[in-house]
1. In this structure, does VAL60 turn out to be touching a Leu at 6+ places or on another chain (Cβ under 9 Å), hydrophobic (A, V, I, L, M, F, W, C) and either without any contact (Cβ under 8 Å) to a residue 60 or more places away in the chain or surrounded by fewer than 19 Cβ atoms within 10 Å (Cβ to Cβ) (or both)?
2. Of the conditions (1) part of a loop (DSSP other than H, G, I, E, B); (2) open to solvent by 10 Å² or more (accessible area, probe 1.4 Å); (3) over 23 Å from VAL92 (Cα atoms), ILE154 satisfies every one except a single condition; which number is it?
3. Would it be correct to say that GLY33 is out of contact with any Phe, Trp or Tyr (no Cβ under 6 Å at 6 or more places or on another chain), open to solvent by 10 Å² or more (accessible area, probe 1.4 Å) and either part of a helix (DSSP H, G or I) or modelled with pLDDT under 80 (or both)?
4. Does ASP66 fit the bill of being among the acidic types (Asp, Glu) and free of Cβ contacts under 8 Å to residues at least 12 places away in the same chain?
5. When you go through ASP66, ASP107 one by one, which is the residue that is surrounded by 15 or more Cβ atoms within 10 Å (Cβ to Cβ), at pLDDT 80 or above and touching a His at 6+ places or on another chain (Cβ under 6 Å)?
6. Consider VAL233 carefully, then state whether it is among the aliphatic types (A, V, I, L, M), buried (at least 17 other Cβ atoms within 10 Å of the Cβ) and touching a residue at least 60 places away in the same chain (Cβ under 8 Å).
7. Might you let me know whether the stretch 159-182 holds any residue that is polar (S, T, N, Q), more than 28 Å from VAL92 (Cα to Cα) and not in a helix (DSSP H, G or I)?
8. If I filter the stretch 110-136 down to residues being surrounded by fewer than 12 Cβ atoms within 10 Å (Cβ to Cβ) and within 19 Å of the chain's Cα centre (by Cα), which single residue comes out as modelled with the highest pLDDT?
Amino acid sequence: MSNDERFSQVESAARRLIEGFFDRISGERLGGGAIATHLARTFEKLVDEGKAQHTNYYEVHLNPADMDHILDTEPDLSVRLSKWLPELATEVGVLLTVPPEVSLVSDEIIREGRLLIRSEIDPNREDNKTRAHSRKAVEDQMREMVRSRNAWLIIDGKHHIDLDQLTMHIGRRPDNEIVIESSTVSRVHAQIRWRFNQFSLFDMGSRAGVIVNGERVDECGLQPGDVIQLAEVSLVYGEGREGGQENVADDDVEINPTQRWRRR
């Protein structure tokens, strides 16, 4: 499945939520729905960068003519955007440490019909004083979500590996969380990451690529039963307490001193 064929999970969730929060405004002027869509794209980028959980301030810069139109038609838009963004985060499984604030800014530099979104962690907000504690609480919640998923991989039909971390790298290099000793596998071949309330698989620029169910992918949300090919090594992704463990002998898998799995 190519990037062009995949629909963004964040944008898909945004489209579902927009209808309940924003009215459709006729004409070519920017309205709440269009601004929310752009905000969702900014949020998705922050998710990919690992910053979405703690970003608490968003500025939407608009041409003065568009700003006047919005103040006339949707005067409470900034408040509704501030309420809508946490709903979007919940929909895609992102736990925010602090409630975000969305502000609209009139900016003569912006062309009419266009917008610019700036995002930051505002150090002046009172709720940032507890951000370090909140971040740990959020990470603990995410780890609990990972544990409750009971996800695993079967490598070459016999090696069972529990997926119990938020991020795991797969490759030949010994400092990967999942080490595969095969000359056909790249040093850091792929990454499995907890994202949008599920595990996703990412190609880390490998030579042989990452194949899921017969199709080469750059990234892919994993579903139980997915068959993954890393060069000559075959993996199957699964979830639940049952599946694969009973067929794996204890001496098939070695745990190194740093608790990383190693395939013999």
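1. Working: touching a Leu at 6+ places or on another chain (Cβ under 9 Å): yes; hydrophobic (A, V, I, L, M, F, W, C): yes; either without any contact (Cβ under 8 Å) to a residue 60 or more places away in the chain or surrounded by fewer than 19 Cβ atoms within 10 Å (Cβ to Cβ) (or both): yes.
When the stated conditions are applied, VAL60 passes them.
2. Among (1) part of a loop (DSSP other than H, G, I, E, B); (2) open to solvent by 10 Å² or more (accessible area, probe 1.4 Å); (3) over 23 Å from VAL92 (Cα atoms), ILE154 violates only (1).
3. Numbers: out of contact with any Phe, Trp or Tyr (no Cβ under 6 Å at 6 or more places or on another chain): no; open to solvent by 10 Å² or more (accessible area, probe 1.4 Å): yes; either part of a helix (DSSP H, G or I) or modelled with pLDDT under 80 (or both): yes.
So GLY33 does not fit the description; no.
4. Values: among the acidic types (Asp, Glu): yes; free of Cβ contacts under 8 Å to residues at least 12 places away in the same chain: no.
So ASP66 fails the test.
5. Numbers: ASP66 fails: touching a His at 6+ places or on another chain (Cβ under 6 Å).
Criteria check complete, one pass: ASP107.
6. Yes, satisfied.
7. Step one: list which residues in the stretch 159-182 are polar (S, T, N, Q), which gives 165, 167, 176, 182.
Narrowing further to those that are more than 28 Å from VAL92 (Cα to Cα): 182.
Keeping just the survivors that are not in a helix (DSSP H, G or I) gives 182.
Yes, that holds for at least one residue.
8. GLU120
The values are calculated or read from the model by the stated rules, or taken from the named source; none is laboratory data. Here the structure is a predicted model, which is why all the values come from computation and not from measurement. Every residue, glycine as well, gets a Cβ built from its backbone with ideal geometry; the counts of neighbours run over all protein chains shown. Ligands, DNA and RNA are stripped out before the accessible areas are found, and what is left, the full protein with its side chains, is counted by its heavy atoms. Shrake-Rupley method; radii C 1.70, N 1.55, O 1.52, S 1.80 Å.
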